[in-house]
Structure formats: C-alpha cells, structure tokens
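The values are calculated or read from the model by the stated rules, or taken from the named source; none is laboratory data. Fair warning: this is a prediction, and the values are worked out from it, not measured in the lab. Methodologically, a virtual Cβ is constructed for each residue, glycine included, from the backbone with ideal geometry; neighbour enumeration extends over all protein chains shown.
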Amino acid sequence: VYNVCLRMLGERAAAEDATQDAFIAAYRALGRFRGGSFRAWLLRIAANACYDELRRRRRRPLPLEAAAAVAAPSHGSPLQSYLQGELAAEIQRGLLRLPPDQRLALVLRDVEGLSYEEIARASGSSLGTVKSRIARGRARLREHLMAAGFSPSGASEEG
C-alpha cells in the first residue's frame with residue numbers, strides 16, 4: 001500500500017499519510033468488504049486516499065529532490081549506480097506528470113504486478129479502460145524518457 005501511495009504522490013511524507021488514511025478507512029469499512037480480492041479492495045481504498053491528497057494539493061509540482069529520493073538504490077559500478085538512479089528518478093518524474101488514472105494503472109501493473117482484472121477491480125474501471133490507460137500511460141512515459149535523453153533500451157543518450 002505504501003509503495004503505491006509513494007509512486008502516486010511522489011513524496012514520502014504524503015505517502016505515509018495516505019497509507020495511514022487508507023488503513024484507517026479499510027479498518028472502518030472492513031464490515032462492508034464483500035469478498036473477492038482483498039488486495040484489490042485495499043488498493044482501491046489506497047488509491048482513493050491518494051486521489052484525495054492530489055485534490056487537496058491541486059497537483060502542485062514535485063521538487064526534483066523529492067523525485068530523486070523515491071529512486072530505488074542500485075548495485076554495481078558507480079557509473080551503473082548513477083545511471084540507474086538517474087533513470088529511476090526520471091521515471092518517477094514521468095509518472096508524476098501522468099494523469100492520476102493512468103499513473104495508478106501503471107503503478108499497479110508494472111510496480112505491484114497486479115493482473116488487469118485486479119487493476120479493474122481496484123480502480124473501479126472496466127477491463128478495456130484499464131488496458132487503454134496502461135497503454136497510453138506507457139506511451140506518455142516513453143515519450144517523457146526519450147525527451148529526457150534516455151533511449152528505449154534504458155541507456156542514457158547524454159554525455
């Protein structure tokens with residue numbers, strides 16, 4: 001849940017708050033859980049908490065330092081570590097520029113590994129809508145990365 005919130009919001013403190021809000025809301029709504037995938041139900045609540053936060057802040061831009069802090073640590077040579085960190089930070093910046101519905105679908109599929117059906121349940125959308133959001137989100141993210149100097153293979157074209 002925290003990872004989804006972090007990818008949706010891009011800031012650790014906001015992700016922690018949204019995660020807490022999601023678990024409180026899930027606890028209060030546990031009696032209304034109608035079966036099915038508990039994970040999808042919980043991620044739907046987390047997504048709603050993130051949407052609430054995005055509405056509250058009116059999608060103010062994320063400072064570059066915050067996007068870089070979300071980047072995953074890497075192993076290998078210093079150059080590989082640097083390039084992986086740069087790519088991870090640029091992916092996070094690109095994710096934050098996507099519409100929230102596309103961002104959620106991409107995070108749930110490519111980061112959390114949910115099936116299309118689970119994403120449809122978690123987002124309250126049809127299967128076709130989920131597939132469309134993922135395809136459009138990936139295309140926009142690819143365009144963002146290429147504009148930032150990263151080739152489709154993931155290697156930086158800079159320097």
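In the stretch 1-17, the residue that is nearest to Arg97 (Cα to Cα) out of those that are crowded, with 20+ Cβ neighbours inside 10 Å and without any contact (Cβ under 8 Å) to a residue 60 or more places away in the chain is Leu9. In the stretch 18-42, the residue that is modelled with the highest pLDDT out of those that are surrounded by 15 or more Cβ atoms within 10 Å (Cβ to Cβ) and polar (S, T, N, Q) is Thr19.
Among residues belonging to the stretch 115-145 that are polar (S, T, N, Q) and either surrounded by fewer than 16 Cβ atoms within 10 Å (Cβ to Cβ) or in contact with a strand residue (DSSP E or B) (Cβ under 6 Å, 6 or more places away or on another chain) (or both), point out the one that is farthest from Pro100 (Cα to Cα). Filtering the stretch 115-145 for residues that are polar (S, T, N, Q) and either surrounded by fewer than 16 Cβ atoms within 10 Å (Cβ to Cβ) or in contact with a strand residue (DSSP E or B) (Cβ under 6 Å, 6 or more places away or on another chain) (or both), the one farthest from Pro100 (Cα to Cα) comes out as Ser115.
Here's the yes/no breakdown for (1) touching a Cys at 6+ places or on another chain (Cβ under 8 Å); (2) part of a helix (DSSP H, G or I); (3) touching a residue at least 40 places away in the same chain (Cβ under 8 Å):
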{"site": "Thr19", "(1), (2), (3)": "yes, yes, no"}
{"site": "Ala29", "(1), (2), (3)": "no, yes, no"}
{"site": "Gly35", "(1), (2), (3)": "no, no, no"}
{"site": "Asn48", "(1), (2), (3)": "no, yes, no"}
{"site": "Asp52", "(1), (2), (3)": "no, yes, no"}
